[in-house]
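Below is one structure, written out as structure tokens, with a few remarks after it.
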Amino acid sequence: MYKKMRLSDTVRVAPEQLGRDLNHSVSMALRNKLEGHLDKTLGSIVAILSVESIGEGRITYGDGAVYYDTIFDCIVFNPEIQEIIEGVVLETVEFGAFIGLGPMDGLLHVSQVTDDYVSLDSKNGRLVCKEGGKSLAEGDRVRARIVSVSLNEREPRESKIALTMRQHALGKLEWLEDERLKDEKERAEVE
């Protein structure tokens, strides 16, 4: 889930940035320090929006930089269990598909694609359902539910997000649209 948050931090403004517009220098220092940073409680900091206040600067002996206490607004992405999220298939592999969820990727295991048996068609680079004729390939947009989250602050690439599409109203967006049109047609025939 994306959230707008107001946070505070101390930021180091390098000596070469001094003498310029302080708000711009602090904003750039915050971006360099925090954008892309992963925190277990906050999630991933996606963007620094604005600097709300800048405190008195402090100089540390032996360092030409100035340290400022700041309050700023930012956008964070924090995946939550049971959250329904849309993403794009980045890659299909024998054991599932990697789904891009914005700043992070999730894994959709083959057992969680559909109730049907799913296997990899490596020749065409897609996951194929045995009986339903459905397939999932790179670039497809999907709607999935987050079933587990394990964020690793020290090694963000080791973070894991597990997904499922085996529930009602989840799946490849084309499958969902086809199902909606089929339901509308059936309702029209009844009326």
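Key figures for this structure:
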{"item": "Of Lys134/Lys182; Lys130/Lys160; Lys3/Lys172; Lys40/Lys172; Lys4/Lys172; Lys3/Lys40, pairs whose Cα-Cα distance is over 21 Å", "result": "Lys130/Lys160; Lys3/Lys172; Lys40/Lys172; Lys4/Lys172"}
{"item": "Residue exposure sequence - Ile71, Ile146 - by fewest surrounding Cβ within 10 Å", "result": "Ile71, Ile146"}
{"item": "Of Gly100, Gly133, Gly36, the one that fluctuates the most in a GNM where the chain has Cα springs shorter than 10 Å", "result": "Gly133"}
{"item": "Using a Förster distance of 22 Å, the FRET efficiency for Ala169-Asp39 (Cβ separation, nearest 0.05)", "result": "0.10"}
{"item": "GNM flexibility winner over the chain from Glu80, Glu138, Glu177 (Cα, springs under 10 Å)", "result": "Glu177"}
{"item": "Over the chain: helical MRE at 222 nm, DSSP H runs n ≥ 4 each giving -39500 (n - 2.57), nearest 500", "result": "-5500 deg cm²/dmol"}
{"item": "Given 14 as the ceiling on other Cβ atoms within 10 Å, longest exposed-site-free region of the chain for chymotrypsin sites (Phe, Trp or Tyr not before Pro) in DSSP loops", "result": "118-191"}
{"item": "Choice from Arg58, Arg141, Arg126 showing the highest fluctuation, given a GNM over the chain with Cα pairs closer than 10 Å", "result": "Arg58"}
{"item": "Average projection area in nm² (convex hull over Cα atoms of segment 84-190, one quarter of hull surface)", "result": "7.4 nm²"}
{"item": "Gyration tensor (alpha-carbon) shape descriptor, the chain, a/c threshold 1.5", "result": "prolate"}
{"item": "Mean separation of Cα contacts under 8 Å (6+ apart) over length of the chain, as relative contact order %", "result": "18 percent"}
{"item": "Segment 84-190: relative contact order as a whole-number percent, Cα under 8 Å and 6+ apart", "result": "25 percent"}
{"item": "Average Cα contact separation per residue, segment 1-87, under 8 Å, 6 or more apart, as relative contact order %", "result": "41 percent"}
{"item": "Reachable aspartates and glutamates, given that their alpha-carbon falls under 15 Å from the alpha-carbon of Lys123 and they are not under 8 places away in the same chain", "result": "Glu91, Glu94, Glu138"}
{"item": "Cα centre as origin, Lys/Arg/Asp/Glu Cβ charges: the chain dipole, Debye", "result": "360 debye"}
{"item": "Crossing angle, helix 173-190 versus the chain [Cα axis fit, 0-90 degrees, rounded to tens]", "result": "50 degrees"}
{"item": "Between segment 78-143 and segment 35-61, the Cα center-to-center distance that results, in Å", "result": "34 Å"}
{"item": "Total charge dipole magnitude, segment 2-77, about the Cα centre, Cβ charges on Lys, Arg, Asp, Glu only, Debye to nearest 20", "result": "240 debye"}
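Quick note: the coordinates plus some simple rules give every number you see, no bench work behind them. The structure displayed is predicted, hence computed values, not measured ones. Counting neighbours? That spans all protein chains shown, and the Cβs are built from the backbone with ideal geometry, glycine included.
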